[in-house]
Amino acid sequence: QMAPHLYAGPIEWAANIQLAVSIPNLLMAETIETPFHDRIIKSSIRVEEGYVTAPEAPGLGIEVDEAFLRAHPFTGEGLHLQMQEAPCDYAHGNRFEGGAPAPE
């Protein structure tokens, strides 16, 4: 079975839904539902009783509210999950918490 991972928000979610409907052994499609995310895609995707019907509009099937996104630009300095300079070292306590492990 397959379950596409959702990392980046509602536009990726729309892409995952389109992918999911083409996978015969789909287990599930992840989602992150917040009012903010819903505004970004103008409520284009609906979850009802745990199920999503793939949008039928062209492309990913969503309408992106570009004015809303322009009004709420990202102002942080990094993503919530940063790439590390060194591989994860689960044996010595690095739990992929962002940043490279401290030199020994």
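General observations
- In segment 37-58, residue surrounded by the fewest Cβ atoms within 10 Å (Cβ to Cβ) [restricted to those that are touching a helix residue (DSSP H, G or I) at 6+ places or on another chain (Cβ under 6 Å) and in a loop (DSSP other than H, G, I, E, B)]: Ala54
- Restricting segment 9-29 to residues that are part of a loop (DSSP other than H, G, I, E, B) and under 17 Å from Gly61 (Cα atoms), the residue that is farthest from the chain's Cα centre (by Cα): Ser22
- Residue pairs meeting the criteria (Cβ under 7 Å; at least 6 apart or on separate chains; first at positive phi, in segment 34-48; second in a loop (DSSP other than H, G, I, E, B)): Lys42/Glu63; Lys42/Asp65
- Take the conditions (1) surrounded by 12 or more Cβ atoms within 10 Å (Cβ to Cβ); (2) within 18 Å of Ala8 (Cα to Cα); (3) β-branched (Val, Ile, Thr); Thr34 misses just one of them, which is (1).
- From the options Ala14, Ala29, Ala8, residue that is under 26 Å from Pro73 (Cα atoms) and surrounded by 15 or more Cβ atoms within 10 Å (Cβ to Cβ): Ala14
- From Leu60, Leu81, residue being under 30 Å from Leu26 (Cα atoms), out of contact with any strand residue (DSSP E or B) (no Cβ under 9 Å at 6 or more places or on another chain) and at pLDDT below 70: Leu81
The values are calculated or read from the model by the stated rules, or taken from the named source; none is laboratory data. Small disclaimer: the values here were computed from a predicted structure and weren't measured. Cβ: placed from backbone, ideal geometry, glycine included. Neighbour counts: every protein chain shown.
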